[in-house]
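Enquirer: Starting off with a structure, shown below.
The values are calculated or read from the model by the stated rules, or taken from the named source; none is laboratory data. As the structure is a prediction and not an experimental result, all values here were calculated from the model. Cβ atoms come from the backbone with ideal geometry, glycine included; neighbour counts cover every protein chain shown.
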Amino acid sequence: MNFLKSSAIVSIGTLSSRILGFVRDLLIARFLGAGISSDILFIGLRIPNTFRQIFGEGAFNLAFVPLFKKYCDDKQVNSKSLKFLEETFSMFMLAILAILIVCEIFMPQILNVLAPSLAERGEDVYNLAVNVSRILMPYILFVSYMTFMGAVLNSLGKFAAMAFAPAMVNVGYIVAFVVYLLFNIDKNITYVPAIGFVFGGFLQFLVMYLTIKRMPFTIKFRKPTLSPEVKLLFVKFVPTMLGSGIVILNSLVSVFLASSLQQGSVSFLFYSDRMVQLPTALFGTAIATVLLPTLTQKMKQEQDISNAFMRVFSITLIIAAFCTAFMYLNAEIIINTLFERGAFDTTATEKTSAALALMSLSIPAIMALKIVSVIFYAQGNTKLPTIIAAFSFTINLVLCLILMQYYDYLGLVMAGVISIYFTIIIQLVIVLNRRVLKFAKVLKSIGMFIIAQTGLLILFNFVINIWNISLQSGIMYKLLYLSIIGCLGLIFTISFVYVFKLYKNK
């Protein structure tokens, strides 16, 4: 399966998940709005999602995939790689189970650290937050199984299951809201998405379990053993975990600080972040997912990676230019059209769209970082990204504390944008200094990005001025506007890639 086909499969799977995720966000915005109920839900979600990102997909996958491919025979599982899988799987799932038990017991203390201001908003609010957070936690068992098995399948060149399984969590949300509406359940609405989240996790587990059963090998539980292979994995995993943990710590710091600002700040950041995650996951994560095993295989065969990488890097930047220009110039109409109804009012639209406009400026850096980081992990170098992430976290924390004093929750967004650009610049400097990539080619890609970004901003500004759409327009009319301006931008982007032949390995 070639790189483009694999990337397309992952992108389509990611797109299906994001579409369902969009429906989920519409339902949450409709019933919970951007106030204390949504803040409680999003704070509670931050806890299992943090462990998911560290143990379930980020750090573990980056350490696991190169090692597992090393033990396989040309994408075939042999006795050595199967033994490694079983030993790793057993220790991994036991560790996740232990984390779950600890979090369930000490949830009040965890919330006191993560969002101390909740206790100041009344006993009922605090107790609701504790209960919702405890309901959400079992999700980490299901998602950890899914992402572990997904890493195995991705290493073997089978990307479809892991591409589509994540969408199931959004199905769980939607089912929970439908049941709530059909049966008119007399329960605090905040519990509904929490239960749906865990049910969706079970569906993710089920999809992956049925997929892995069809493989020509069976993964069984073993007595946990620290074999030389498992020890090597942990040697690679620990610095990678610290690196991913530092990145995620940035997000936790934002939640902690936002919970102390005006009511709804956590929600304003959540909704805007969800919009930014659409392109970064659809393109950046999808491409990086396929790129890691591809580059690892090339390095294993001592092949040059520069040409293959630069083609991906260049196209990714042009896609990022389109996404940035579209979201930056249309932030208010996007949030108004998609979310402003029910409990999500005009004030929530204004505050969320301001966050989205600022946050959209980070899209090029986020997508570039996802691609450039793959070089380090394909080489088995997990320490440098960790050190860089530590510096980035320090910068983000200092800037958050300063900027929030002047710009409230928008100061947190500004700090995040600055720190992510710091991270990608440092990584690029290191890669260029080590001559993994050629400076002239990287400079050319950045130059193409600047030209494309300028062209897209001019195009979108022209359409916006001609159309002069109002927020009071009908929803179908606003959707038509967003569709047309989006299609025009997409045509420009695709044409730009083909005119300058960025798809060629030169």
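Enquirer: Scan region 132-149 and tell me whether some residue there is of a type in the set (Lys, Arg), part of a helix (DSSP H, G or I) and within 18 Å of Lys236 (Cα to Cα).
Expert: Of the residues in region 132-149, the ones of a type in the set (Lys, Arg) are 134.
Retained after the next criterion (residues that are part of a helix (DSSP H, G or I)): 134.
Now drop any that are not within 18 Å of Lys236 (Cα to Cα), which leaves none.
Checking region 132-149: not a single residue is of a type in the set (Lys, Arg), part of a helix (DSSP H, G or I) and within 18 Å of Lys236 (Cα to Cα).
Enquirer: Of all residues in region 180-221 being in a loop (DSSP other than H, G, I, E, B) and aliphatic (A, V, I, L, M), which is modelled with the highest pLDDT?
Expert: Here is the first cut: in region 180-221, the residues in a loop (DSSP other than H, G, I, E, B) are 184-190, 213-221.
If we keep only those that are aliphatic (A, V, I, L, M) as well, we get 185, 189, 215, 219.
Values: Ile185: 74, Ile189: 89, Met215: 81, Ile219: 80.
Checked region 180-221; the qualifying residue modelled with the highest pLDDT is Ile189.
Enquirer: What do you reckon, is Leu226 of a type outside the set (Lys, Arg) and not in a helix (DSSP H, G or I)?
Expert: Details: of a type outside the set (Lys, Arg): yes; not in a helix (DSSP H, G or I): yes.
Yes; evaluated as a whole, the condition is true for this residue.
Enquirer: Out of Lys231, Lys236, Lys187, Lys213, I need the residue that is under 20 Å from Tyr145 (Cβ atoms) and either among the charged types (D, E, K, R) or without any contact (Cβ under 8 Å) to a residue 40 or more places away in the chain (or both). Which one?
Expert: On the way: Lys231 fails: under 20 Å from Tyr145 (Cβ atoms); Lys236 fails: under 20 Å from Tyr145 (Cβ atoms); Lys187 fails: under 20 Å from Tyr145 (Cβ atoms).
Testing whether each residue is under 20 Å from Tyr145 (Cβ atoms) and either among the charged types (D, E, K, R) or without any contact (Cβ under 8 Å) to a residue 40 or more places away in the chain (or both) leaves just Lys213.
Enquirer: Might you check whether a residue that is among the hydroxyl-bearing types (Ser, Thr, Tyr) and either in contact (Cβ under 8 Å) with a residue 60 or more places away in the chain or within 14 Å of Ile219 (Cβ to Cβ) (or both) occurs anywhere in region 87-100? Don't jump to the end; show me each part of the working.
Expert: Just the residues of region 87-100 that are among the hydroxyl-bearing types (Ser, Thr, Tyr), to begin with: 88, 90.
From what is left, the residues that are either in contact (Cβ under 8 Å) with a residue 60 or more places away in the chain or within 14 Å of Ile219 (Cβ to Cβ) (or both) are 88, 90.
There is at least one residue in region 87-100 that is among the hydroxyl-bearing types (Ser, Thr, Tyr) and either in contact (Cβ under 8 Å) with a residue 60 or more places away in the chain or within 14 Å of Ile219 (Cβ to Cβ) (or both).
Enquirer: Then there's this: For region 432-441, which residues satisfy the criterion of being assigned to a helix (DSSP H, G or I) and without any contact (Cβ under 8 Å) to a residue 24 or more places away in the chain?
Expert: Going through region 432-441, the residues assigned to a helix (DSSP H, G or I) turn out to be 432-433, 439-441.
Leu432, Asn433, Phe439, Ala440, listed by residue number.
Enquirer: Which helices (runs of 4 or more DSSP H) sit wholly inside region 320-431 and have at least 2 residues that are polar (S, T, N, Q) and either modelled with pLDDT under 95 or within 18 Å of the chain's Cα centre (by Cα) (or both)?
Expert: On the way: elements: 346-360, 363-378, 383-407.
In region 320-431, the matching helices (runs of 4 or more DSSP H) lie at 346-360, 383-407.
Enquirer: Can you list residue pairs whose Cβ atoms sit under 6 Å apart, with the first residue in region 112-128 being in contact (Cβ under 8 Å) with a residue 60 or more places away in the chain and the second being surrounded by fewer than 17 Cβ atoms within 10 Å (Cβ to Cβ)? Count only pairs 6 or more apart in sequence or on different chains.
Expert: Ser117/Ser260
Enquirer: Follow-up. Of everything in region 389-408, what is touching a Phe, Trp or Tyr at 6+ places or on another chain (Cβ under 8 Å) and farther than 24 Å from Gln262 by Cα? Give them in sequence order. Show your work before the answer.
Expert: Within region 389-408, the subset touching a Phe, Trp or Tyr at 6+ places or on another chain (Cβ under 8 Å) is 391-392, 395.
Selection gives Phe391, Ser392.
Enquirer: Name the one entry in Phe217, Phe177 that is on the phi < 0 side of the Ramachandran plot, of a type outside the set (Asp, Glu) and touching a Phe, Trp or Tyr at 6+ places or on another chain (Cβ under 9 Å).
Expert: Working: Phe217 fails: touching a Phe, Trp or Tyr at 6+ places or on another chain (Cβ under 9 Å).
Sole residue among the options that is on the phi < 0 side of the Ramachandran plot, of a type outside the set (Asp, Glu) and touching a Phe, Trp or Tyr at 6+ places or on another chain (Cβ under 9 Å): Phe177.
Enquirer: Going through Val436, Val413, Val431 one at a time, which residue ends up being β-branched (Val, Ile, Thr), out of contact with any Asp or Glu (no Cβ under 7 Å at 6 or more places or on another chain) and over 30 Å from Asn307 (Cβ atoms)?
Expert: When all the criteria are applied, what remains is Val413.
Enquirer: Only one of (1) over 30 Å from Asn112 (Cβ atoms); (2) modelled with pLDDT under 80 fails for Leu252. Which number is that?
Expert: Every condition holds for Leu252 apart from (1).
Enquirer: Restricting attention to helices (runs of 4 or more DSSP H) lying wholly within region 1-84, give those where 3 or more residues are touching a helix residue (DSSP H, G or I) at 6+ places or on another chain (Cβ under 9 Å), at pLDDT 70 or above and under 20 Å from Phe159 (Cβ atoms). I'd like the intermediate steps shown before the answer.
Expert: Numbers: elements: 3-32, 36-51, 58-71.
Per the criteria, 3-32, 58-71.
Enquirer: Could I ask something else about it? Quick check: anything in region 229-248 hydroxyl-bearing (Ser, Thr, Tyr), under 30 Å from Ala390 (Cβ atoms) and not in a loop (DSSP other than H, G, I, E, B)? If you could, list the steps in order and put the result at the bottom.
Expert: Initially, region 229-248 is screened for residues hydroxyl-bearing (Ser, Thr, Tyr), giving 240, 244.
From what's left, under 30 Å from Ala390 (Cβ atoms): 240, 244.
With the extra rule that they be not in a loop (DSSP other than H, G, I, E, B), the set shrinks to 240, 244.
Yes, region 229-248 has at least one match.
Enquirer: On to the next question. What pairs come out if I take residues in region 16-42 that are at positive phi and free of Cβ contacts under 8 Å to residues at least 60 places away in the same chain and pair them with residues that are aliphatic (A, V, I, L, M) and surrounded by 20 or more Cβ atoms within 10 Å (Cβ to Cβ) whose C-beta lies under 9 Å away, six or more apart or interchain?
Expert: none
Enquirer: Consider region 188-213. How many of its residues are in contact with a helix residue (DSSP H, G or I) (Cβ under 7 Å, 6 or more places away or on another chain), under 24 Å from Val152 (Cα atoms) and not aromatic (Phe, Trp, Tyr)?
Expert: 9
Enquirer: Would you confirm whether or not region 490-499 contains a residue that is farther than 24 Å from Thr280 by Cβ and surrounded by fewer than 15 Cβ atoms within 10 Å (Cβ to Cβ)?
Expert: Going through region 490-499, the residues farther than 24 Å from Thr280 by Cβ turn out to be 499.
Right, trim to surrounded by fewer than 15 Cβ atoms within 10 Å (Cβ to Cβ) and you get 499.
Among the residues of region 490-499, at least one is farther than 24 Å from Thr280 by Cβ and surrounded by fewer than 15 Cβ atoms within 10 Å (Cβ to Cβ), which makes the answer yes.
Enquirer: Residues of region 80-98 being surrounded by fewer than 18 Cβ atoms within 10 Å (Cβ to Cβ) and either within 30 Å of Ile36 (Cα to Cα) or among the small types (Gly, Ala, Ser) (or both), which ones?
Expert: Selection gives Ala95, Ala98.
Enquirer: Name the residues in region 464-496 that are within 14 Å of Asn330 (Cα to Cα) and part of a loop (DSSP other than H, G, I, E, B), would you?
Expert: Asn468, Ile469, Ser470, Leu471
Enquirer: Can you find a residue in region 448-461 that is under 18 Å from Thr316 (Cα atoms), in a helix (DSSP H, G or I), in contact with a Leu (Cβ under 7 Å, 6 or more places away or on another chain) and without any contact (Cβ under 8 Å) to a residue 24 or more places away in the chain?
Expert: no
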